Amino acid sequence: MAYFDKNIILASEALENCSDEDMMKDWSLRSGDEIFFTLPKAAVMRSMNMNHMIHHRGQLSVFMRLLEIPLPGVYGPTADNPM
């Protein structure tokens, strides 16, 4: 958790200091000389980072349901929250 907490702070600071122009600069996913794709950094943040985290959050909620663990209100109240 300490490693995660430290890196969240560093990532937040990096994003706060990043301009709109910086986020529109291209970023490439590559392996050596082979380039898989090139997109603006903002698109990579949305498609690869955020969507990927959302996907794994969904997987975690399925596993929690299968183990009969009440889900926390990730995007607001769930059926597990009392009304």
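The set of residues in the stretch 1-21 that are surrounded by 10 or more Cβ atoms within 10 Å (Cβ to Cβ) and either in a loop (DSSP other than H, G, I, E, B) or among the basic types (K, R) (or both) comprises K6, C18.
Does the stretch 40-59 contain at least one residue that is among the polar types (S, T, N, Q), modelled with pLDDT of 95 or more and not in a loop (DSSP other than H, G, I, E, B)? Checked the stretch 40-59: no residue is among the polar types (S, T, N, Q), modelled with pLDDT of 95 or more and not in a loop (DSSP other than H, G, I, E, B). The C-beta contact set for the stretch 64-83 (first residue free of Cβ contacts under 8 Å to residues at least 60 places away in the same chain, second residue part of a loop (DSSP other than H, G, I, E, B) and of a type in the set (S, T, N, Q), distance under 6 angstrom, 6+ apart or interchain) comprises L71/T78; G73/N81.
Of all residues in the stretch 22-61, exactly one satisfies the criterion of being hydrophobic (A, V, I, L, M, F, W, C), loosely packed, with under 11 Cβ neighbours inside 10 Å and under 18 Å from the mean Cα position of the chain (by Cα), namely M53. List the pairs whose first member sits in the stretch 36-48 and is more than 15 Å from D20 (Cα to Cα), whose second member is loosely packed, with under 15 Cβ neighbours inside 10 Å, and whose Cβ atoms are under 6 Å apart, counting only residues at least 6 apart or on separate chains? Filtered contacts from the stretch 36-48: F36/L29; F37/L29; T38/D26; T38/S28. Whenever a residue of the stretch 1-27 is closer than 13 Å to P40 by Cβ, its partners that are part of a helix (DSSP H, G or I), lying with C-beta atoms within less than 6 angstrom and at least six residues away or across chains, give the pairs M23/K41; M23/A42; K25/K41; W27/K41; W27/V44.
The values are calculated or read from the model by the stated rules, or taken from the named source; none is laboratory data. Keep in mind that this is a model prediction, so the values were computed, not measured. For neighbour counting, all protein chains shown are included, and Cβ atoms are generated from backbone atoms with ideal geometry for every residue, glycine included.
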